1. Listed residues SER7, SER58; which is open to solvent by less than 30 Å² (accessible area, probe 1.4 Å), assigned to a helix (DSSP H, G or I) and touching a Ser or Thr at 6+ places or on another chain (Cβ under 8 Å)?
2. Answer yes if at least one residue in region 168-179 is hydroxyl-bearing (Ser, Thr, Tyr), in contact with a strand residue (DSSP E or B) (Cβ under 8 Å, 6 or more places away or on another chain), touching a residue at least 12 places away in the same chain (Cβ under 8 Å) and surrounded by 14 or more Cβ atoms within 10 Å (Cβ to Cβ), and no otherwise.
3. Just need a number here: residues in region 30-51 that are within 12 Å of LEU116 (Cβ to Cβ) and open to solvent by 30 Å² or more (accessible area, probe 1.4 Å).
4. Out of everything in region 202-238 that is over 20 Å from the mean Cα position of the chain (by Cα), of a type in the set (S, T, N, Q) and open to solvent by 60 Å² or more (accessible area, probe 1.4 Å), what residue ends up being farthest from ASP142 (Cα to Cα)?
5. Considering region 182-201 alone, what residues qualify as being crowded, with 20+ Cβ neighbours inside 10 Å and of a type in the set (A, V, I, L, M)?
6. May I ask you to say which residue of SER60, SER72 is more than 20 Å from ALA174 (Cβ to Cβ), of a type outside the set (Phe, Trp, Tyr) and either in contact with a Cys (Cβ under 7 Å, 6 or more places away or on another chain) or touching a residue at least 12 places away in the same chain (Cβ under 8 Å) (or both)?
7. With within 23 Å of VAL171 (Cβ to Cβ), free of Cβ contacts under 8 Å to residues at least 60 places away in the same chain and not β-branched (Val, Ile, Thr) as the only criterion, which of PHE29, PHE91, PHE6 stands out?
8. Need a quick list: helices (runs of 4 or more DSSP H) entirely within region 76-167 having at least 1 residues that are at pLDDT 95 or above, out of contact with any helix residue (DSSP H, G or I) (no Cβ under 7 Å at 6 or more places or on another chain) and open to solvent by 20 Å² or more (accessible area, probe 1.4 Å).
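The values are calculated or read from the model by the stated rules, or taken from the named source; none is laboratory data. Quick caveat, the model's predicted, so the values are computed rather than measured. Positions of Cβ are backbone-derived with ideal geometry, glycine not excepted, and every protein chain shown enters the neighbour counts. Please note that ligands, DNA and RNA were not included when accessible areas were found on the heavy atoms of the full protein model with its side chains. Shrake-Rupley method; radii C 1.70, N 1.55, O 1.52, S 1.80 Å.
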Amino acid sequence: MNPEQFSNALAEKGIELSEVQLKQFHDYFEMLVEWNEKMNLTAITEEKEVYLKHFYDSISAAFYVDFNDFHSICDVGAGAGFPSIPIKICFPHLEVSIVDSLKKRMTFLDALAEKLALTNVHFYHDRAETFGQNKAHRERYDLVTARAVARMSVLSELCLPLVKKGGSFLVMKAAQAEQELQTAEKAIKVLGGKVVNHFSFSLPIEESERNIYVISKTKETPNKYPRKPGTPNKLPIE
């Protein structure tokens with residue numbers, strides 16, 4: 001998917017990009033490739049692959065969820081900024097917070113935000129487990145996103161504590177997501193969530209399976225969650 005195909009594909013979904021936004025995506029791609037030579041940000045570096053598998057894939061959430069309904073977003077384990085930075089470029093009104101445990105990724109994201117002239121973006125170098133117990137962030141976000149960084153039972157414990165009551169947790173997964181969801185049902189319920197929507201679709205061109213789950217926060221998360229760093233992964237709520 002080249003930049004023109006990318007722009008046309010988004011326009012078909014009702015997302016019209018300005019010249020400024022298209023340049024932001026171009027600069028994002030160039031910085032990603034340049035910095036990737038110094039640090040391991042992504043295995044995907046070919047332009048048409050980045051536009052499809054990182055940019056388009058990140059924005060696909062907006063085909064099913066209206067981001068105009070949200071103000072504050074937290075992206076857990078965003079790595080090189082996916083999905084939240086492509087979403088932020090398309091929806092500049094959003095206030096985006098990214099938490100990631102690797103300091104070098106924060107350095108890249110700081111430089112990226114400056115290059116793209118992004119406002120209202122905040123980067124936190126922290127483990128999701130300790131971040132979720134921080135009163136300044138716990139149950140403060142309209143929407144929390146995660147893009148396939150762990151299995152769903154683990155993700156739920158890392159992300160749902162950050163979602164405000166009445167807010168949403170958006171999980172982006174590839175194949176075999178339904179099986180993961182069944183295993184995660186207990187965790188989602190315990191942490192105060194309820195699955196309200198599931199969207200399944202194929203990524204264009206390569207036709208690979210994608211799944212988006214929308215989990216609504218119906219009640220507050222018990223204080224003991226998230227547990228200590230490493231525990232959710234070792235002993236998931238299942």
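1. Matching residue, one of SER7, SER58: SER58.
2. Yes, region 168-179 has at least one match.
3. Step one: of region 30-51, the residues within 12 Å of LEU116 (Cβ to Cβ) are 30-32.
Cutting the leftovers down to open to solvent by 30 Å² or more (accessible area, probe 1.4 Å) gives us 30.
Here the count works out to 1.
4. Applying the filter and picking the extreme gives ASN223.
5. ALA184, ALA187, ILE188, LEU191
6. Numbers: SER60 fails: more than 20 Å from ALA174 (Cβ to Cβ).
Exactly one of SER60, SER72 is more than 20 Å from ALA174 (Cβ to Cβ), of a type outside the set (Phe, Trp, Tyr) and either in contact with a Cys (Cβ under 7 Å, 6 or more places away or on another chain) or touching a residue at least 12 places away in the same chain (Cβ under 8 Å) (or both), namely SER72.
7. Result of the check over PHE29, PHE91, PHE6: PHE91.
8. Fully inside region 76-167 and qualifying: 103-115, 128-131.
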